[in-house]
Amino acid sequence: MSEPSQALVVAGHGSHLNPESSTPIFEHANRIRKQDVFDEVREAFWKEEPAFREVLRTLDSDEIYVVPAFMSNGYFTNRVIPRELRIADGWEPETNGHVHYGEPVGTHDSMTDVIIQRAETVTANPSVGNGTGLAVVGHGTERHEDSDASTKAHAAAIRARDRFDEVRALFMDEPPYIDDVTDHFETEDIVVVPLFVADGYHTREDIPEDMGLTDDYRDGYDIPTTIDGHRIWYSGAVGTEPLLADVILQRAAEAGARIGQSRTKRATKPTPGV
Amino acid sequence: MVEAAHWTVTDGQIEAAVAAAHEGISFEGFELLHVDDGYRLTVPGVKNSETLTESTLRERLASIPGAVTNWHYWTDLDVSDANYAFLRWLENARGEQIPPPNDRYELLVEGLERHWGDLLITTTIEEDGTRRYSLRHQADATMPDDELAGYDDPLAAQRLAKEDDDGRYRPLKTAPTLQTGWHFPGCSAPELLEVVSFFYPATVTNWYAESIGELDVTHWSETTARQTGIYDVTAELPEEAVDWAVEACCVDSQCLKRREWEYDEKTAIDVPAGEGEFPCREPCSLLIAAARKWSLIEAEETEPMTLELTQSERDQFEELLDAVAEGNADEIREADVGDGANRYRARYLRAKLREKGMLFDE
């Protein structure tokens, strides 16, 4: 008997305004497609198509693994996605497949490695750390208690590795704020890694302007940019790091997916009716 | 019959047919059954009641490539029921009156064309019955291949679907703004299905569900009732305003889906549903996001406001609204001051109304 077929859904936010918001979702899904471990791989979005609400019906696999490409647990992962997929209490799931809902990528321990990888990439220094500070930047919101949890957890995990001289968790919408990034570090070099899925309004416009890398994001900025005697190495969204595809796979595996080997061809189905 | 002239049965296809005979084949008039003393074979248009030995059967099968290759192609496909039905539809082989394979084969040699939204999908056939599918924008129907950018990788459709011909982001995949100038010249069935899924996600699934009477429609009131956060206000959009919202966003000039949902089960929305091939089963996120804005606007109190205008200026407001609503504002010529939505005309009116303190008065 052949093994059950399996599908992966990478669930992202998407955007009505910014074409690049969904780009990392597509790119990570494509990386996973090339590994050929799932019979089907599908992107799904809150603001783009296929919508969370309609993605399950497009899949034909026995086992469906949904991994939220979100950076923290909160409103979307706990409420919106389960409701729209109709796997939350009180709804009827609308697929013959068995849906396994994974944890978001952003809270995974291995995101710590992705953040460090991002720091290495932006500094072009594979052993960056010594004499350098690292700021992990989260969105944060005072409306949701857990929204800053993953940012703080990754900062703590990196601090525990004793690789960077200083590590701080900073936020856009709650203290300690990213605006005063240089106040938080003694080191001359500061690497700033935003814990965001995609480069968009926040990572391209808000954060660079808040930190003072530029007065107007449209003018761009240098990497590094010197502010108050500190060199700021701003990496852009961590979610664009190719390594994130591995975290998605790990989340799927934790939810029960077989990711060890390439898939076997499914048994040929009986001739379907017309 | 067109048999033999164009098509060749492969050894593998004959093996597959002989093996399948034990369970029996019955496909579009091609029937084959293993019986105690041999094989019974029937092909369209040929009555045959004799029992064949296996070696005679193999010869016969080789002489009816149309029937055998057609059966083999459709039986060997490993796709979902919806995708299978879609591939059948592409060559008019779905429904009550299916043309016999040989008639279709003649058409497939030339290429059978179907439209799916703005996509023009052409199905052709190879010597062994394998179908190839090519796609392009229907506006590029007569464009020579070498004037179009050619793609083999289905993933290229992800990027093509994102922007229109002017490089503007398309937040709605089924908007009639798909860019032109590209083609996928030779897709296999799985590749075609992947390309279509990137251009028009979930359309095949919902179209199929509708065709077998199983489309689940979620009406406006139900969709807005389940919204939370900043979108919970959409449930308060007045009923008549829902009609205006649908006229704004859902008609054929704005979206290629055919609207199947209404205000609720009992209350229809008085706006044409559209002519599209594939159905819209629920208000989409773009409409919900716009409806949030309209809900907030409709929640404001109205009050009488006075503008003193000439008749021509009043007409000009209509022309301005029309030009923006139809997306024509960019097409109005620089010096065409006869058009109320001309830029100089708009700037003049703005200067005048500001000066008179009637608008832009902060």
Quiz item: In segment B:81-98, is there at least one residue being among the charged types (D, E, K, R), closer than 30 Å to B:I288 by Cα and assigned to a loop (DSSP other than H, G, I, E, B)?
Solution: no
Quiz item: Quick one: which of B:D252, B:D243 is assigned to a loop (DSSP other than H, G, I, E, B) and touching a residue at least 24 places away in the same chain (Cβ under 8 Å)?
Solution: B:D252
Quiz item: Out of (1) touching a residue at least 12 places away in the same chain (Cβ under 8 Å); (2) closer than 30 Å to A:N96 by Cβ, the odd one out for B:T51 is which?
Solution: (2)
Exercise. Scan segment A:195-206 and report the pairs whose first residue is free of Cβ contacts under 8 Å to residues at least 40 places away in the same chain and whose second residue is among the β-branched types (V, I, T) and open to solvent by less than 30 Å² (accessible area, probe 1.4 Å), with Cβ atoms within less than 9 Å and a gap of 6+ or a chain change.
Key: A:T203/A:V137; A:D206/A:I178
Exercise. May I ask you to list pairs of residues, at least six apart or on different chains, whose Cβ atoms are under 7 Å apart, with the first in segment A:234-256 being at positive phi and the second being open to solvent by less than 40 Å² (accessible area, probe 1.4 Å) and assigned to a helix (DSSP H, G or I)?
Key: A:G236/A:T203
Quiz item: Of all residues in segment B:167-191, how many are at pLDDT 95 or above and out of contact with any helix residue (DSSP H, G or I) (no Cβ under 8 Å at 6 or more places or on another chain)?
Solution: 10
Exercise. Filter segment A:24-39 down to the residues that are crowded, with 20+ Cβ neighbours inside 10 Å and over 15 Å from A:L243 (Cα atoms), then identify the one that is farthest from the other protein chains (Cβ to nearest Cβ).
Key: A:V37
Exercise. Filter segment B:189-205 down to the residues that are in contact with a Phe, Trp or Tyr (Cβ under 6 Å, 6 or more places away or on another chain) and within 12 Å of chain A (Cβ to nearest Cβ), then identify the one that is surrounded by the most Cβ atoms within 10 Å (Cβ to Cβ).
Key: B:T203
Exercise. Would you check if there is a residue in segment B:127-135 being modelled with pLDDT of 95 or more, open to solvent by 50 Å² or more (accessible area, probe 1.4 Å) and either under 30 Å from A:H16 (Cβ atoms) or not small (G, A, S) (or both)?
Key: yes
Quiz prompt | Only one of A:N78, A:N130, A:N73 that is part of a loop (DSSP other than H, G, I, E, B), open to solvent by 50 Å² or more (accessible area, probe 1.4 Å) and out of contact with any Cys (no Cβ under 9 Å at 6 or more places or on another chain) | solution = A:N130
Quiz item: Filter segment B:184-235 for residues that are free of Cβ contacts under 8 Å to residues at least 12 places away in the same chain and touching a strand residue (DSSP E or B) at 6+ places or on another chain (Cβ under 9 Å); which is nearest to B:A273 (Cα to Cα)?
Solution: B:A202
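Restricting to segment B:226-271, and then to whatever is polar (S, T, N, Q) and open to solvent by 30 Å² or more (accessible area, probe 1.4 Å), can you tell me which residue is farthest from A:I81 (Cα to Cα)? Before the answer, list the steps.
Residues of segment B:226-271 polar (S, T, N, Q): B:227-228, B:234, B:253-254, B:267.
Within this subset, residues satisfying the condition of being open to solvent by 30 Å² or more (accessible area, probe 1.4 Å) are B:253-254, B:267.
Values: B:S253: 31, B:Q254: 27, B:T267: 29 Å.
Within segment B:226-271, the match that is farthest from A:I81 (Cα to Cα) is B:S253.
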Quiz item: How many residues, within segment B:314-362, are open to solvent by 100 Å² or more (accessible area, probe 1.4 Å), in a helix (DSSP H, G or I), among the acidic types (D, E) and closer than 30 Å to B:E247 by Cα?
Solution: 2
Quiz prompt | Residue list for segment A:59-70, restricted to those being more than 10 Å from every other protein chain (Cβ to nearest Cβ), part of a loop (DSSP other than H, G, I, E, B) and either under 16 Å from A:E103 (Cβ atoms) or open to solvent by less than 10 Å² (accessible area, probe 1.4 Å) (or both) | solution = A:A69, A:F70
Self-check item: Qualifying residues in segment B:282-297 (those that are in a loop (DSSP other than H, G, I, E, B) and at the interface with another protein chain (Cβ under 8 Å from one of its Cβ atoms)) - the one surrounded by the fewest Cβ atoms within 10 Å (Cβ to Cβ)
Solution: B:E282
Practice problem: Give me a count of the residues in segment A:81-109 that are in a loop (DSSP other than H, G, I, E, B), buried (at least 16 other Cβ atoms within 10 Å of the Cβ) and of a type in the set (G, A, S). | Solution: 2
Self-check item: Residue among B:Y105, B:Y151 that alone is away from every other protein chain (no Cβ under 14 Å), at pLDDT 95 or above and either surrounded by fewer than 20 Cβ atoms within 10 Å (Cβ to Cβ) or within 25 Å of B:V18 (Cβ to Cβ) (or both)
Solution: B:Y151
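The values are calculated or read from the model by the stated rules, or taken from the named source; none is laboratory data. Note that the coordinates shown come from a computational prediction; the quantities given were computed from them, not determined experimentally. Note that we place each Cβ from the backbone using ideal geometry, even for glycine, and neighbour counts take in every protein chain shown. Side chains are part of the model used for accessible areas, which takes the heavy atoms of the whole protein and leaves out ligands, DNA and RNA. Shrake-Rupley method; radii C 1.70, N 1.55, O 1.52, S 1.80 Å.
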